[in-house]
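What follows is a short report on a single structure.
Every read-out reported here was derived from the displayed coordinates using simple, explicitly stated rules and does not represent laboratory data. These numbers were taken from a predicted model, which means no experiment stands behind them. All Cβ positions, glycine included, derive from the backbone under ideal geometry; neighbour counts span all protein chains shown.
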Amino acid sequence: MSTLINWLLRALAFLFHFPLALFLFGLGMLAWIEGAELQLTMLPWTGTELTYWILCLGACGLLVWTLALLKKARALFALYALVIWGLSVYAVFFSRYVFSGASDFKWALGLSAAAFLAALGAVLHAVRKSR
């Protein structure tokens, strides 16, 4: 049973972080090309700095996701997943972002919980012995 849970958590890590990294990279590229200033008050950065962080998080995510899928740099994937989880916790509990209602807050909590499970799966993938 625990082997199935380990496999599911590792699969969740890959299924969660690929679309997230792709979204972050696309959003960062779009903002950078258009010269637009992003307004994401749930993150600790603002202005141009936010654009560069979003772009770098997306690019790094796609790179480490690919390397982890190829069973290279698994520890970097785990570190990336932990950073994403940390940012989600910051966004929900410590940022100046104000949720518009209980349903938005529950959605954010669910996303943070999914990020935690994905980080756990990435860590399990990092410590898994090669076969």
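Tabulated results
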| item | result |
| --- | --- |
| Rounded to 10°, Cα long-axis angle of helix 47-69 versus longest principal axis of the chain | 10 degrees |
| Hydrodynamic radius of the range 9-72 per Kirkwood, over alpha carbon pairs, in Å | 12.3 Å |
| Furthest towards positive pole of dipole, TYR97, LEU79, THR41, structure part the chain, Cβ charges | LEU79 |
| Dipole in debye (nearest 20) - the chain, about Cα centre, beta carbon charges: Lys, Arg +1; Asp, Glu -1 | 860 debye |
| Ellipticity estimate at 222 nm from DSSP helix runs (n ≥ 4, -39,500 (n - 2.57)) divided over the chain, nearest 500 | -26500 deg cm²/dmol |
| Filtered GluC sites (Glu not before Pro), the range 21-87: DSSP coil and at most 16 other beta carbons within 10 Å | GLU37 |
| Unit charges at the beta carbon, dipole of the chain: most positive-side option, SER112, LEU30, TRP65 | TRP65 |
